[in-house]
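Chemist: Could you have a look at this structure, given as structure tokens, before my questions?
The values are calculated or read from the model by the stated rules, or taken from the named source; none is laboratory data. These numbers come from a predicted model, not from an experiment. Because the Cβ atoms are built from the backbone with ideal geometry, glycine has one as well, and the counts that use them run over all protein chains shown.
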Amino acid sequence: MTRLPLPDADGIYTFPTDLLTSHREWMDALTGTKEIMTLTAPLTLAPYWIEPRKPSGRPVVVIEPHHDDFVLSASGTFLARPRPLTVVTVFTRSRSVHPSLENTYNSVETVSALREREAAQSLLPLGVTRVGLGHKDAEKPYRTPELAQVAQITSELAEVLDGMEDAELIAPAAVTRHPDHLAVHEAARRLGCRWFWEDAAFWSTYALSGCDRQLFQQRAGDLLMPEVEDITATVLDKVTLLHMHGSQMHPARKMYRPIRHAYTVAAGMLLEADGRPRGKYAERFYRLGGTR
């Protein structure tokens, strides 16, 4: 009996071909390319190759809660259409690593240093200017962020943004309801941010939970208008960036959760004449009030 090409099994989408195999072939294809950059995954020390981008156009200031949030959710779009980027990470102190790594990385200092190195490597091809605010991330049980914390983050971000009035702001939409994401989203809104990425690519329990989706829709209402961006042409380079964040995506197959999410998001793209989506992978964003 002929079997349908089901999209999972080991946590990796398998059509048109196994994504892991496709990425390995992509690495082999890049080794002989001119203007190639080598990235080293801080956790495994394994080398990867990627073409550096040449940013152009209006500058963008990315306001992310944690070191990996921008790469997880929105890096494919900026790999495809590079713009001058400044990435401001609010919560740069953390004890969050995969449970299997906790014996090795067992303090805020060791975890934070590892995640800092991961971020530096993953953002290198985009020519990013990086700023860290030094806050400690939330730990379970999660609670709603305090207003004083939001006010402090807003004030610190305003200092960073001083003199950068020409830049466009982008921040998380806070679909996940993680308190750090909620705090950063609110601070960004207070500072005039009108463009947000869907921060649901990795945490599938948040992204797919009916109650979380309902709460997001109640909060966003008709104010946050969804849009999708085709990242099919850059999805393998995005996988390369994901390899840099091994402390969060361990074992390695977990890094394909964002790609699975991008596959499902692409189903909502405009369709070709034959009814198929125009792209195979996409990232979802929101515009406040539908503005651009």
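Chemist: Residues being free of Cβ contacts under 8 Å to residues at least 40 places away in the same chain and either in a helix (DSSP H, G or I) or surrounded by fewer than 16 Cβ atoms within 10 Å (Cβ to Cβ) (or both): count how many of those fall in segment 82-126.
Modeler: The first filter runs over segment 82-126 and keeps only residues free of Cβ contacts under 8 Å to residues at least 40 places away in the same chain, leaving 83, 99, 102-104, 106-110, 112-113, 120.
Of the ones still in play, those that are also either in a helix (DSSP H, G or I) or surrounded by fewer than 16 Cβ atoms within 10 Å (Cβ to Cβ) (or both) are 99, 102-104, 106-110, 112-113, 120.
Qualifying residue count for the region: 12.
Chemist: Continuing with the same structure: Can you find, within segment 40-64, the residue that is surrounded by the fewest Cβ atoms within 10 Å (Cβ to Cβ) among those that are part of a strand (DSSP E or B), out of contact with any His (no Cβ under 8 Å at 6 or more places or on another chain) and touching a residue at least 60 places away in the same chain (Cβ under 8 Å)?
Modeler: Just the residues of segment 40-64 that are part of a strand (DSSP E or B), to begin with: 40, 47-50, 60-64.
After this cut, where a residue has to be out of contact with any His (no Cβ under 8 Å at 6 or more places or on another chain) as well, the list is 40, 47, 49-50, 60-64.
Cutting the leftovers down to touching a residue at least 60 places away in the same chain (Cβ under 8 Å) gives us 40, 49-50, 60-64.
On the way: Thr40: 14, Trp49: 19, Ile50: 23, Val60: 20, Val61: 23, Val62: 27, Ile63: 28, Glu64: 27.
If we take residues in segment 40-64 being part of a strand (DSSP E or B), out of contact with any His (no Cβ under 8 Å at 6 or more places or on another chain) and touching a residue at least 60 places away in the same chain (Cβ under 8 Å), then Thr40 is surrounded by the fewest Cβ atoms within 10 Å (Cβ to Cβ).
Chemist: So Leu224 fits all but one of (1) closer than 18 Å to Leu126 by Cβ; (2) touching a Lys or Arg at 6+ places or on another chain (Cβ under 9 Å); what number is the exception?
Modeler: Single failed check for Leu224: (1).
Chemist: Still on this model: Return only the number of the condition from (1) assigned to a helix (DSSP H, G or I); (2) at pLDDT 90 or above; (3) of a type outside the set (A, V, I, L, M) that Gln218 does not satisfy.
Modeler: With respect to (1) assigned to a helix (DSSP H, G or I); (2) at pLDDT 90 or above; (3) of a type outside the set (A, V, I, L, M), Gln218 is out only on (2).
Chemist: Only one of (1) exposed (fewer than 12 other Cβ atoms within 10 Å of the Cβ); (2) hydrophobic (A, V, I, L, M, F, W, C); (3) under 26 Å from Arg287 (Cβ atoms) fails for Ile153. Which number is that?
Modeler: Unmet for Ile153, out of (1) exposed (fewer than 12 other Cβ atoms within 10 Å of the Cβ); (2) hydrophobic (A, V, I, L, M, F, W, C); (3) under 26 Å from Arg287 (Cβ atoms): (1).
Chemist: For segment 237-287, give me each residue that is in a helix (DSSP H, G or I) and of a type in the set (Asp, Glu).
Modeler: The one that is in a helix (DSSP H, G or I) and of a type in the set (Asp, Glu): Asp237.
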